[in-house]
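This report refers to the structure that appears directly beneath it.
The values are calculated or read from the model by the stated rules, or taken from the named source; none is laboratory data. Because the structure is predicted, anything quoted here is derived from the model rather than measured. Quick reminder, even Gly has a Cβ in these numbers, built from the backbone with ideal geometry, and neighbours come from all protein chains shown.
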Amino acid sequence: MAIEQYVVNGLLVGALFAAVAVGFALIWGVVDIINLAHGEMVMLGGFVSYWSVDLLTGTNSASLLLALATVPIAVAVIYVVGYAMQRTLVSRVTDEDMFLTLLVTFGLSIMLQQLAIRAWSADPRTVNVMFETTSLNVAGLVIPKMKLIAFVGAIVLTAALWAFLKLTRRGRAIRAVAQNPEAAQLVGIDVEHTRATTFGLSAAIAGGAGAFITMILNVQAQMGLIYTLKSFVIVVFGGIGSVPGALIGGLLLGAIEETTAGVWSSKWTLAVSFTILILLLVVKPSGLFGPAVEGDE
Amino acid sequence: MSTTNDTGADIVDGILDAAASVYRFFEGRGLQTLAVFTIVSAIIPLTNPSGFEMTVITELFLFGVLALSWDLIGGQTGYPSFGNMAFFGIGAYTTAILVKSFGIAFPLAFVVAAALAVAFAAFIGIIVLRLRGGYFAIATLGVLLASQQITRNLDVTGGASGIILLQTPTAQEFYYLFLAILVLEAIVVMYLAQTRFGLVLNAIRDDEGKATAMGYNTTYYKTAAWMLAALFTGVAGGAWSLFNTFVDPITAYNTAWNVEIIAMALLGGSGTVVGPILGAFGLHGLIRMVIDTYFTGWQLVVLGAVVITTVIAMPKGIVGTIEEHASAMEYYKHGGQAAADSSDADVADPGDGTVDDSGGDSP
C-alpha cells in the first residue's frame, strides 16, 4: 500500500483520538485533574454501544441507523458515570495535591477495568455495521465508509462540546470555574456541581468516541490505559485547553501510528507513541500550541 | 482521649493512643528493631514452614524492597514515580538473559543487572527528573510502558513469550537473599535519613525552589535518590526472575505491581522507613492470605479499592497518622504548648508539597 493510504487511515482514526483527548483536556483545564480513568470511559462507552446493539438485535451486527442511535445512549450513560465519579470520589481530593488525584483515578481505572473483565471477559468485541459496499474509492485511496462516518461523528462530538462551552450559560460557568473557582463561587456558581458537570461532559465525549471505536476497531476491557496515554500525548502536543491543538494532535498521532504500523510493523505502534510522549514532555511540556513554560533553568 | 462512652470515635482514639505509645517506644530504636526483625526472620526457615509459607514470606520481603525503593523517590524526594517497575523489568531481563543465554553464574548476573538498571535510571533520570507532579508521573508511566513494549518486540528477550529459567537456587537461598536485600536497603535508607543527603531530599520534596536557592544542586540529589531506588529495584528484579523461574513482558513490567507498591508505601506511611515496609507486609499479606483464597480473581479490584480508600481516608498512611497522633498527645500533655515543635518537625507528610501541580516547569 502507498504511504498516502496509511496517512488517510490514520487521519480517520485520529479524529476519534482527538475527541477523547478533548475530554481529557477539558477536565484537566477546568478541575485541574489528570484523569487516569479517562480511557475507561472510552471502554465503557464502547460496551454501552455493544450491549445496546446486542439487546436489540441479538447479534453484534446492526444497520447504520441503529449503530448510530447507540452513540447518544453511550454519551448519556457515560455522562452519568462521570458526574457520579466526580461527585462521590474525585471531589474529595480535587483541592489536594495532584498526586493524590492521580492515585484515586488510577485506582478507579484498575477497578473499572477489572470489573469489566469479570463481567464481560477480556475478549475484544466489535459492532459490525452492515453496508452494501464497505468502502469508497477516492483518487486511488480506499476509504472505509464506517471509518469516514466515525471521523465525521468524532468531529461532530468535538464541535458540540466546543459549542456548549462557548454558547451556553452552563458552558460559561465551566469556563469561569476553570479561570477562578473562588470568584466563580462568589458570583453564585455552584462550583461542585459545575465541576461534576465538566467531569460528566469529559466522560461523555470519551464514551461517544468509544461507541464509534467499537464500530471501526473493537472494545476490550483493558483498552483504557492506552487511550488515556494517547490523550496525554495529544494534550501535551496540543496544549491544555486548546481544542484546535487537540484536533491537530489527534490527527497527527493517528497518522504517525498508522504509518508506523504500515511501513514498519503494527507491534511497534505503542512503543512509538510512548516514546513520542516522553520526548514531547521533555521538549515542550506545555504543548506546542500552549503557553511558554516559565522558569526553565 | 477518654473512653467514657463507647462511641466509634472513642474506640478509634483508644486504638490511636495505644499505637502512639507503641510508636514512641520504637521511636529512636530503629536499628534495634531492625536487628530483632532480622533475627526473627532468619530463624523462621529453621522452624520447618510449608513451601507456601516460605514463598509468601519471601514475597513480603520482595515487596518491602520495592515499596521502600519507591518511597525513596516518591515519598522522601516527592517525585511520584509511576515507572519504578521499569527498573524491575530491566533487572529481571538482564539476569534472565545472562543466566540463560550466556551461562553466567547468577551472583555475577545480579551485579550486571543492578548496574544496567542504575545506568538506565541515570539516563532516564536526566530526562524525566526535569518534570514535576503530574507530568513526571505520566512520563515515568510512559517509560515503563515503552520499556514493556520494546522488550516485547525484541528477539533477545524472547518476545511476548518471555524466557523460562530452570537452573535456580533453592527456596531457602531465595528467602535469605531477599531478606538480605531488604535489611541492607532499610539500613541504607535509615542511615541516609539522618544525613544531609536525606534532609536535602526532604527539602526537595517540600520546596525544590528553596532547596536550590539554598545552594544545593538538587539535580544531583534527586538523580542520586532515583538511581539508588533503581539499584534496589533492579537487584530485586534480578533475584525475582530466578525465583519466579520465568520472565515475560507482562509480569516483569507488571503494571498492577507498579500501583501496588505505591499503595503499600502510602498505606504504611510514605516518607518513613518503617511505613512502606509495614504497608508492603500488610497489603501483600492480605492479598495472599485472604483475597487469593476467598476472592480469587478479585485481587486487582480490591487493590484499586484499597488505593482509593487510602488516599481519601488516610493520605498520611498508618505510620503518618500515628505519628501525628503521638505529637498531638505530646502537645496536650504539655498544656497545649511547647513540645509540639520538636515532634511536628518529623511528622511525615506525603501530601503537602510533594508535587507542584502548576505544571511541568522545572525550577
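Just need a number here: residues in the range A:60-69 that are crowded, with 17+ Cβ neighbours inside 10 Å and modelled with pLDDT under 90. Step through it out loud before you land on a result.
Pass one, the range A:60-69, residues crowded, with 17+ Cβ neighbours inside 10 Å: A:62, A:67-68.
Filter once more, keeping what is modelled with pLDDT under 90: A:62.
Within the range A:60-69, residues that are crowded, with 17+ Cβ neighbours inside 10 Å and modelled with pLDDT under 90 number 1.
Against the test of being without any contact (Cβ under 8 Å) to a residue 40 or more places away in the chain and within 22 Å of the chain's Cα centre (by Cα), the options B:Ala35, B:Ala42, B:Ala67, B:Ala18 yield a single qualifying residue, B:Ala35. Mind listing whichever residues of the range A:87-126 are more than 7 Å from chain B (Cβ to nearest Cβ) and either crowded, with 21+ Cβ neighbours inside 10 Å or among the hydroxyl-bearing types (Ser, Thr, Tyr) (or both)? Once the filter is applied, which keeps residues that are more than 7 Å from chain B (Cβ to nearest Cβ) and either crowded, with 21+ Cβ neighbours inside 10 Å or among the hydroxyl-bearing types (Ser, Thr, Tyr) (or both), the range A:87-126 yields A:Thr88, A:Val90, A:Ser91, A:Thr94, A:Thr101, A:Thr105, A:Ser109, A:Leu112, A:Gln113, A:Ala116, A:Ser121, A:Thr126. Here is the figure for the range B:200-219: residues that are of a type in the set (Val, Ile, Thr) and farther than 18 Å from B:Ile126 by Cα total 1.
Checking each residue in the range B:275-316 for being among the hydrophobic types (A, V, I, L, M, F, W, C), within 11 Å of another protein chain (Cβ to nearest Cβ) and buried (at least 17 other Cβ atoms within 10 Å of the Cβ) picks out B:Leu300, B:Val301, B:Val302, B:Leu303, B:Val306, B:Val307, B:Ile308, B:Val311, B:Ile312.
So is A:Val282 under 22 Å from B:Val143 (Cβ atoms), at pLDDT below 80 and not small (Gly, Ala, Ser) or not? Answer is yes for this residue.
The C-beta contact set for the range B:299-316 (first residue within 18 Å of B:Gly75 (Cβ to Cβ), second residue part of a helix (DSSP H, G or I) and among the small types (Gly, Ala, Ser), distance under 6 angstrom, 6+ apart or interchain) comprises B:Val306/B:Ala263; B:Val307/A:Gly107; B:Val307/B:Ala263.
Going by the structure shown, is A:Gly29 within 14 Å of another protein chain (Cβ to nearest Cβ), in contact (Cβ under 8 Å) with a residue 40 or more places away in the chain and surrounded by fewer than 23 Cβ atoms within 10 Å (Cβ to Cβ)? So A:Gly29 passes the test.
Could you identify the single residue in B:Leu177, B:Leu184 that is away from chain A (no Cβ under 14 Å), loosely packed, with under 15 Cβ neighbours inside 10 Å and either touching a helix residue (DSSP H, G or I) at 6+ places or on another chain (Cβ under 6 Å) or part of a helix (DSSP H, G or I) (or both)? Before the answer, list the steps.
Details: B:Leu177 fails: loosely packed, with under 15 Cβ neighbours inside 10 Å.
Matching residue, one of B:Leu177, B:Leu184: B:Leu184.
Cβ-Cβ under 9 Å, sequence separation 6+ or interchain: first residue in the range A:160-184 and among the acidic types (Asp, Glu), partner at pLDDT 90 or above. Which pairs? These pairs meet every condition: A:Glu182/A:Val191.
Just checking, does the range A:70-82 include any residue being within 14 Å of another protein chain (Cβ to nearest Cβ), at negative phi and either modelled with pLDDT of 90 or more or surrounded by fewer than 24 Cβ atoms within 10 Å (Cβ to Cβ) (or both)? The answer is no, given that none of the residues of the range A:70-82 is within 14 Å of another protein chain (Cβ to nearest Cβ), at negative phi and either modelled with pLDDT of 90 or more or surrounded by fewer than 24 Cβ atoms within 10 Å (Cβ to Cβ) (or both).
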